[in-house]
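Visitor: Questions regarding the structure given below will be posed in turn.
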Amino acid sequence: MIDEDDIKMSPLCRNITSDGTSVEVLIYSDGNYGWILEVVDEEDASTVWDSSFLTDQAALEEVMKIIENDGIYAFLRSPDQKLH
């Protein structure tokens, strides 16, 4: 388990705004030479990928690809959506 004080954040972390909606992209080290990707929406709902990425750039590219293909709304939870 990673101690919160030891988390290495990527310099590629950023806020992305599209169609009047913003998300925060967090990319941080998994402690094992990989990178964890997390996207936080305006209501602080979080989407975290199950698998880590080899590079922080690959993680950012994944987010950008999803936004390009599906729109930023892909990261927003509808009010009736159940979380598992």
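The values are calculated or read from the model by the stated rules, or taken from the named source; none is laboratory data. Computed from a predicted model, the values in this text were never measured in an experiment. With ideal geometry, Cβ positions are generated from the backbone for all residues, glycine too; neighbour counts draw on all protein chains shown. To get the accessible areas, we keep the full protein, side chains included, count just its heavy atoms, and leave off ligands, DNA and RNA. Shrake-Rupley method; radii C 1.70, N 1.55, O 1.52, S 1.80 Å.
Visitor: For region 29-60, how many residues are surrounded by 14 or more Cβ atoms within 10 Å (Cβ to Cβ), at pLDDT 95 or above and either in a helix (DSSP H, G or I) or on the phi > 0 side of the Ramachandran plot (or both)?
Guide: Matching residues across region 29-60 total 4.
Visitor: Further question: Does K82 satisfy the condition of being open to solvent by 100 Å² or more (accessible area, probe 1.4 Å) and either at pLDDT 95 or above or polar (S, T, N, Q) (or both)?
Guide: Answer is no for this residue.
Visitor: I'd like the full set of residues that are of a type in the set (F, W, Y) and more than 20 Å from I72 (Cα to Cα), limited to region 1-52.
Guide: Result: Y28, Y33, W35.
Visitor: Further, regarding this structure: The conditions are (1) over 20 Å from G20 (Cα atoms); (2) under 11 Å from the mean Cα position of the chain (by Cα), and D41 fails exactly one of them. Which is it?
Guide: Evaluating D41 over (1) over 20 Å from G20 (Cα atoms); (2) under 11 Å from the mean Cα position of the chain (by Cα) leaves (1) as the failure.
Visitor: Considering region 10-21 alone, what residues qualify as being part of a strand (DSSP E or B), modelled with pLDDT of 95 or more and either open to solvent by less than 60 Å² (accessible area, probe 1.4 Å) or closer than 19 Å to A58 by Cβ (or both)?
Guide: Hits for region 10-21 are R14, I16.
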